[in-house]
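Student: Sharing a structure with you now.
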There are 2 protein chains.
Amino acid sequence: MAGALSVSSQPTTRQLASTQSLFDTPEIQHDLSATNIQDACKEFPAILGPENVSTERADLVTHSGSDYQSYAWTEESAILSQVILYPETTEQVSELMKVCFQRRLPVTPYSGGTSIEGQYIPHLQGICIDFGRMNNIVELNKYDLDCVVQPGIGWMDLNEGLAAHGLFFPPDPGPGAMIGGMVGTGCSGTNAAAYGTMKDWVLSLTVVLADGTIIETRQRARKSSAGYDLTKTFIGSEGTLGLVTEATLKLAVKPPCEAVAVCTFPTLRDAASAVREVLSNGIQVAAVEILDEVQMKSINDSALTRLEWKEEPTLFFKFTGSDELIVQHLAKQVGSITKQNHGTAYIFASDETERNELWSARKNALWSMLAMRKSPTDKVWTTDGAVPLSRLPDIIEFAKDDIEKSGLLGSIVGHVGDGNFHTLLLFPEEKRHIAEEVVHRMVDKAIEMKGTATGEHGIGLEKRDYLEKELGKEAVDAMRSMKNAFDPLCILNCDKVIRMQVA
Amino acid sequence: MAGALSVSSQPTTRQLASTQSLFDTPEIQHDLSATNIQDACKEFPAILGPENVSTERADLVTHSGSDYQSYAWTEESAILSQVILYPETTEQVSELMKVCFQRRLPVTPYSGGTSIEGQYIPHLQGICIDFGRMNNIVELNKYDLDCVVQPGIGWMDLNEGLAAHGLFFPPDPGPGAMIGGMVGTGCSGTNAAAYGTMKDWVLSLTVVLADGTIIETRQRARKSSAGYDLTKTFIGSEGTLGLVTEATLKLAVKPPCEAVAVCTFPTLRDAASAVREVLSNGIQVAAVEILDEVQMKSINDSALTRLEWKEEPTLFFKFTGSDELIVQHLAKQVGSITKQNHGTAYIFASDETERNELWSARKNALWSMLAMRKSPTDKVWTTDGAVPLSRLPDIIEFAKDDIEKSGLLGSIVGHVGDGNFHTLLLFPEEKRHIAEEVVHRMVDKAIEMKGTATGEHGIGLEKRDYLEKELGKEAVDAMRSMKNAFDPLCILNCDKVIRMQVA
C-alpha cells in the first residue's frame, strides 16, 4: 500500500459487482503536463543516478517500436516516451513507481524489445522503464533445480550459464527475448510440446505494483497450494498488473541424449495424421514442428542453411532421453508411423553438428522470410493463433488458401504438438491493409474453431478487440476488474491487453 | 455485472492503492436474519424445484465437516448451513448467486467433501451449494485430447469413462475428490512428478461470480496467451472467487506400458540421494514416492496388502512408456542407481496385477494409519507441506524427530519428485493440542526452508495464518485486493484462504 496516502484525490467509487464494464470505467486521468514531467525528471536521477536516466532522442526512438512489430511502426511516425529509466534494483523500481503513481504518469516496461503485438509501444507516452541493467543470475540452486534471475537476462544467455551444470530453462521464444518480457507475454516456443509454456516454469516473482508496493508471489517449493496463484496472475499480463523485478525459475536437467528427424509429406493432412498417430500411441517427442512448402522454399531460396530441402510440408521432430537406446528407439517408432502416413523421406541425426544442421531450417524460418524482402521497406508480419489439436490442418489450409488469394507471399510454421501456428506474411507497406485482412480472417477463424487469437505472442495493442470475441464481454469485464484492483489509476502499460478507455 | 443495480446500498469507497490490508477492509455485513433466510428459501425452490432444496438436519450435518478434517469437527459441535441447494445447471447457479448477492447471504460450495483443511466448513453459516447433481461428462473431444465436464464428477469416475478411449486425466488426489473441489484446491497427487498439478490440466472454466455473472475463462486451444489467465486465477482459490460450474480438461494418452519398482534403503538420506541421481541423469520416471519405516510398519500391521514389507524407508517408482523396451530400460537404469545408493532390494513388476499389488502399499498409506486407531474417537491428522527439492530429507528428518519426541504415532509419505510431503498423525482427541504443535512446527520449518505451508491440500480455515508468514503481508494484501474485486460483499467461502475480518 505504499503511496496510498500520498495521492491527493478522493477515493474512487466502485459499483458493487464482480466485473467492470468498459463504460463504467472512470476516465483515465494521466498528467502529461510539461511541468509534471519536468518535476518527475528531477526526482528520477536522485533515485537512479543521472547515468540511468535518458531523454536522448535516439534512446526514445529505439524504445518506441521496431520493424518486427505487427503494429505499423516507423521511426518517423513513432510515438515516444518522454524519458527512459534504467533501474538496477527492485527498490529503485519501487521508488520510481511511487513517483509515477503520485504524479499519474503512464509507465511502459521494456526488456528485450522482441514482442510483436505492440506490447512496448508507448502509445500514451510517459515513462519507459528499461530492465536491461538488471541482467544477473542472482542465485543458482542446482540441487533444487531452480534459479533466481533479474528480468533483463536473455533466455539464451541464461542457458549458456546453465549448460555447465547440465541444466537448462525450457521456454524458447525468439532470440533476444528476456525473462521479464517472457513472463509478460506468457511465451513458449518449440519446447512447449514436451515442457509446457512459461506458466509452467516460473516458481515465483518479485513484482512492483502500480503504487510501488513490492510483493513476492511464492517461495521456492516446486509445488504450492498456498493462496491465490499470484505468480500465474502476472504471467501473461504484459506489464499491465505489475513490473517483474526478479523471477525464480524452475530448471530442467539437460537430457543426456538428443536427436532430430525430418520428414516430408505429400500433403499437410498426411503430416497431421502422422502426428496424431504418434501422440495417440503415447510416444513422447520433445518437439514436433511443421513448416509448409512455401516456408521450405523460402529456406532454400534464402540459402540460410547448407542443405537443399524438398519443398513440401515438412515435420521436424526432436527426441530426448537418458541414453542413446531410448532416443534411437523413439525415433524408430516415429519413423515407422511417418512411413505409414506417406512420409517420403525420414532423415535422422543424433550427432550434434548434424542435428543442429537439420534443426537450423526450423530456426531460420523467420530470417528466411526476412531475406525474401525485395525492398528495404518490405515488412514481414508474424502473428500466431492456436486451435484445438484436431483443427490444426483445417486452420492451416484455410490460411494458406486465403494467403494465396491475397497475392501476398506467406508461409506457415506450426507447433503441431499444441495446435499453435504462426503465419509469416511478406508485404510492401502499401499492401498493409491486405495483410491486415488476411490476419483478421485467420484470427477470426481460429476463434470460431474454439481456438485463441494468440497462442504465445500475447494481445498487446493489436489483438485487444479479439479478446471479447474469444471470451465474451463478461470474461473481459472480469479481467478489467482485476486490472482496476491492482492498478486503480491505470498507469501500467495502460490500455493494452484490455481496453480501459473507449476507443 | 448481473445484479449490480439491484443491490440497494451505496457504492463502497476504495483506497487508491494496489493492495488491501485487513485493517482497511470494510466490515463484512452478511444478513443471516431469520426473515432474510426464510424469504430466500421461498426463492430457491422456484429456481431449482423443491426436490433440490434441503433443510433436513442430516443433510446439514453431512455438509458441515467430517472426521478426516484437520479442523476439529464433531457432529455435535458442528456449525451448520441453513439450507443445502443442489443445482443442475450453470444458469441455476447464477440465479442462486443473484439471490445470495442481493440478500448478502454467505455461500459455501461443496463437491466431494474430501478436503481436509476446513474448505467446506460453513463456519459463518448461510447457504451451501452442493454440486453433486452436476456430474456429467458434457463433451469428449478425443482427437483434441480434451473433455468438458461438470464439477460434481469424481476423477476416478471420469477416468473410468476415459479408459475405453485410451485416455486419462492425470491429477490423482484422494479417492472421492470431484473436479469442482480439485479445481478449488489446486490439487495434485502421485502423478504430479511427471504430469504436473491441476493447474496444468485445466484448459477453461465456466465460473459463476459472486453477483451471478457467468464467465468462461478460455476456449479449448491447448495453449493461449490471450489476456489474463483467469483459469489459473480460479484454480486454487478454494471457492472464494467464484463457483466452477463446468471445466474443460486436458487429457493425456494412457501410456501403453507401465511398470512399478519398489526399493528399500537403510536410511532416508540414501533414498534421497538415489532420487537425486535419477533426476540429475535425466531419467524420466512417471512417479516417485517415499514412505518412511513407520508407514511401512503400519502397512504391515494393518494387513491391508497381501505382501510383507521391509520396515525401512522405501521408494516406490512408476515407469511409463510407449512400449515394453523403454519401460524395462528405464527401470534397469534406476535399479543400478538405487544399488549404488545402498538400496537393498529392488522389486520390479510390469504385469498389471503384480504392479497394482506393489503400488497398493502406497495407495493404502492413509487407510493403514486409520486402521491403527485404538479407539473410534482416535483421529488421524493428515497435512502437507513442500520444500525445495534438496531440503526434503531435512524436513522429513526434522518432522520424524519431532513426532518421536511428541510421543504420537506419525508417519511420513512424500512425493519426492516435487518436494511435497505428507504427515499422518494418529492421536486421541485429548492429545489434539500435541498434534497441533507438531504440525505447527513442521509447517514453520518448511516455510523457513523457503517452502510452503501446503503443497496440494490448500489453506482452508486451518492454514490462513501461515500465509502471511510464507509470503509477507504485501502479497496477502494483493490477494485480498483480488478477492475484493471479484466478491465485494465477501459472500463466497468468506474468510477462508485469506482473512477478511480481524480474528
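Student: Just the residues that are of a type in the set (A, V, I, L, M) and over 22 Å from B:Thr245 (Cα atoms), please, taken from the range B:69-105.
Tutor: Passing the criteria: B:Ala72, B:Ala78, B:Ile79, B:Leu80.
Student: A further question follows. If you scan the range B:293-321, which residues turn out to be in a loop (DSSP other than H, G, I, E, B), of a type outside the set (Lys, Arg) and either outside the structural domain of B:Leu370 (by the TED database) or out of contact with any Leu (no Cβ under 7 Å at 6 or more places or on another chain) (or both)?
Tutor: B:Ala303, B:Leu304, B:Thr305, B:Leu307, B:Glu308, B:Trp309, B:Glu311, B:Glu312
Student: Tell me which residues, restricted to the range B:57-79, are at pLDDT 85 or above and not small (Gly, Ala, Ser).
Tutor: If the condition is that a residue be at pLDDT 85 or above and not small (Gly, Ala, Ser), then B:Arg57, B:Asp59, B:Leu60, B:Val61, B:Thr62, B:His63, B:Trp73, B:Thr74, B:Glu75, B:Glu76, B:Ile79 are the ones that fit.
Student: Could I ask something else about it? Filtering the range A:297-350 down to residues that are β-branched (Val, Ile, Thr), within 23 Å of A:Pro393 (Cβ to Cβ) and within 14 Å of another protein chain (Cβ to nearest Cβ), which residue is surrounded by the fewest Cβ atoms within 10 Å (Cβ to Cβ)?
Tutor: My answer is A:Ile337.
Student: Out of all the residues in the range B:83-105, is one or more surrounded by fewer than 23 Cβ atoms within 10 Å (Cβ to Cβ), of a type in the set (Ser, Thr, Tyr), at pLDDT below 95 and not assigned by the TED database to the domain that holds B:Ala177?
Tutor: Within the range B:83-105, none of the residues are surrounded by fewer than 23 Cβ atoms within 10 Å (Cβ to Cβ), of a type in the set (Ser, Thr, Tyr), at pLDDT below 95 and not assigned by the TED database to the domain that holds B:Ala177.
Student: Additional query: Which residues, counting only those in the range A:318-350, are in contact (Cβ under 8 Å) with a residue 24 or more places away in the chain, closer than 21 Å to A:Asp270 by Cβ and not aliphatic (A, V, I, L, M)?
Tutor: A:Lys318, A:Phe319, A:Gln333, A:Gly335, A:Thr338, A:Gln340, A:Asn341, A:His342, A:Gly343, A:Thr344, A:Tyr346, A:Phe348
Student: What about B:Ala17, is it surrounded by 18 or more Cβ atoms within 10 Å (Cβ to Cβ), at pLDDT 95 or above and within 20 Å of A:Lys483 (Cβ to Cβ)?
Tutor: When the stated conditions are applied, B:Ala17 passes them.
Student: With respect to B:Val262, is the statement that it is surrounded by 21 or more Cβ atoms within 10 Å (Cβ to Cβ) and more than 14 Å from every other protein chain (Cβ to nearest Cβ) true?
Tutor: yes
Student: Of everything in the range B:483-503 that's closer than 18 Å to B:Phe23 by Cβ and part of a helix (DSSP H, G or I), which residue is nearest to the chain's Cα centre (by Cα)?
Tutor: Looking at the filtered set, the residue picked out is B:Lys483.
Student: Let me spell it out: the conditions are (1) of a type in the set (A, V, I, L, M, F, W, C); (2) at the interface with chain A (Cβ under 10 Å from one of its Cβ atoms); (3) out of contact with any Lys or Arg (no Cβ under 6 Å at 6 or more places or on another chain); (4) crowded, with 24+ Cβ neighbours inside 10 Å, and B:Val253 meets all of them except one. Which number is the exception?
Tutor: B:Val253 satisfies all of (1) of a type in the set (A, V, I, L, M, F, W, C); (2) at the interface with chain A (Cβ under 10 Å from one of its Cβ atoms); (3) out of contact with any Lys or Arg (no Cβ under 6 Å at 6 or more places or on another chain); (4) crowded, with 24+ Cβ neighbours inside 10 Å except (4).
Student: Filter the range A:210-227 down to residues that are more than 13 Å from B:Gly455 (Cα to Cα), facing chain B (nearest Cβ under 7 Å) and in a loop (DSSP other than H, G, I, E, B), then give me how many there are.
Tutor: 4
Student: Next question, about the same structure. Could you please find all residues in the range B:125-174 being in contact with a strand residue (DSSP E or B) (Cβ under 7 Å, 6 or more places away or on another chain) and at positive phi?
Tutor: Those that are in contact with a strand residue (DSSP E or B) (Cβ under 7 Å, 6 or more places away or on another chain) and at positive phi: B:Gly126, B:Leu145, B:Gly166.
Student: Something else about it: Which condition breaks for B:Arg276 when tested against (1) within 14 Å of chain A (Cβ to nearest Cβ); (2) basic (Lys, Arg); (3) crowded, with 23+ Cβ neighbours inside 10 Å?
Tutor: Here B:Arg276 clears every test but (3).
Student: Go through (1) more than 7 Å from chain A (Cβ to nearest Cβ); (2) modelled with pLDDT of 95 or more; (3) touching a strand residue (DSSP E or B) at 6+ places or on another chain (Cβ under 9 Å); (4) crowded, with 20+ Cβ neighbours inside 10 Å one by one and return the number of the condition B:Phe486 breaks.
Tutor: Among (1) more than 7 Å from chain A (Cβ to nearest Cβ); (2) modelled with pLDDT of 95 or more; (3) touching a strand residue (DSSP E or B) at 6+ places or on another chain (Cβ under 9 Å); (4) crowded, with 20+ Cβ neighbours inside 10 Å, the lone unmet condition for B:Phe486 is (1).
Student: Another question about this same structure. Where in the range A:86-202 are there strands (runs of 3 or more DSSP E), lying fully within it, with 2 or more residues that are of a type outside the set (Phe, Trp, Tyr) and within 11 Å of chain B (Cβ to nearest Cβ)?
Tutor: A:137-141, A:146-149
Student: Restricting to the range B:406-464, name every residue that is within 30 Å of B:Gln284 (Cβ to Cβ), part of a loop (DSSP other than H, G, I, E, B) and of a type in the set (D, E, K, R).
Tutor: Answer for the range B:406-464, where residues must be within 30 Å of B:Gln284 (Cβ to Cβ), part of a loop (DSSP other than H, G, I, E, B) and of a type in the set (D, E, K, R): B:Lys450, B:Glu456.
Student: With (1) modelled with pLDDT of 95 or more; (2) in contact with a strand residue (DSSP E or B) (Cβ under 6 Å, 6 or more places away or on another chain) as the list, and A:Lys445 as the residue in question, which single condition is left unmet?
Tutor: So the condition that A:Lys445 fails would be (2).
Student: Here's another thing I want to ask about it. Looking only at the range B:240-292, count every residue that is without any contact (Cβ under 8 Å) to a residue 12 or more places away in the chain and assigned to a loop (DSSP other than H, G, I, E, B) and tell me the total.
Tutor: 1
Student: Now a separate question. Only one residue in B:Thr353, B:Thr377 is surrounded by fewer than 20 Cβ atoms within 10 Å (Cβ to Cβ), farther than 19 Å from B:Ile290 by Cα and without any contact (Cβ under 8 Å) to a residue 24 or more places away in the chain. Which one?
Tutor: After ruling out the rest, the residue left standing is B:Thr353.
Student: Is there a residue being surrounded by 24 or more Cβ atoms within 10 Å (Cβ to Cβ) and either in contact with a helix residue (DSSP H, G or I) (Cβ under 7 Å, 6 or more places away or on another chain) or free of Cβ contacts under 8 Å to residues at least 24 places away in the same chain (or both) anywhere in the range B:63-80?
Tutor: There is no residue in the range B:63-80 that is surrounded by 24 or more Cβ atoms within 10 Å (Cβ to Cβ) and either in contact with a helix residue (DSSP H, G or I) (Cβ under 7 Å, 6 or more places away or on another chain) or free of Cβ contacts under 8 Å to residues at least 24 places away in the same chain (or both).
Student: If you don't mind, another one. Could you figure out which of (1) over 26 Å from the mean Cα position of the chain (by Cα); (2) within 14 Å of chain B (Cβ to nearest Cβ); (3) of a type in the set (A, V, I, L, M) isn't true of A:Leu268?
Tutor: If we test A:Leu268 against (1) over 26 Å from the mean Cα position of the chain (by Cα); (2) within 14 Å of chain B (Cβ to nearest Cβ); (3) of a type in the set (A, V, I, L, M), just (2) comes out false.
Student: Filter the range A:429-448 down to the residues that are among the hydrophobic types (A, V, I, L, M, F, W, C) and away from chain B (no Cβ under 13 Å) and list them by number.
Tutor: Passing the criteria: A:Ile434, A:Ala435, A:Val438, A:Val439, A:Met442.
Student: Sticking with this structure for a sec: Which ones in the range B:449-463 are more than 7 Å from chain A (Cβ to nearest Cβ) and more than 21 Å from B:Pro173 (Cβ to Cβ)?
Tutor: B:Met449
The values are calculated or read from the model by the stated rules, or taken from the named source; none is laboratory data. Note that the structure is a prediction, hence the values are computed from the model and not measured. Cβ: placed from backbone, ideal geometry, glycine included. Neighbour counts: every protein chain shown.
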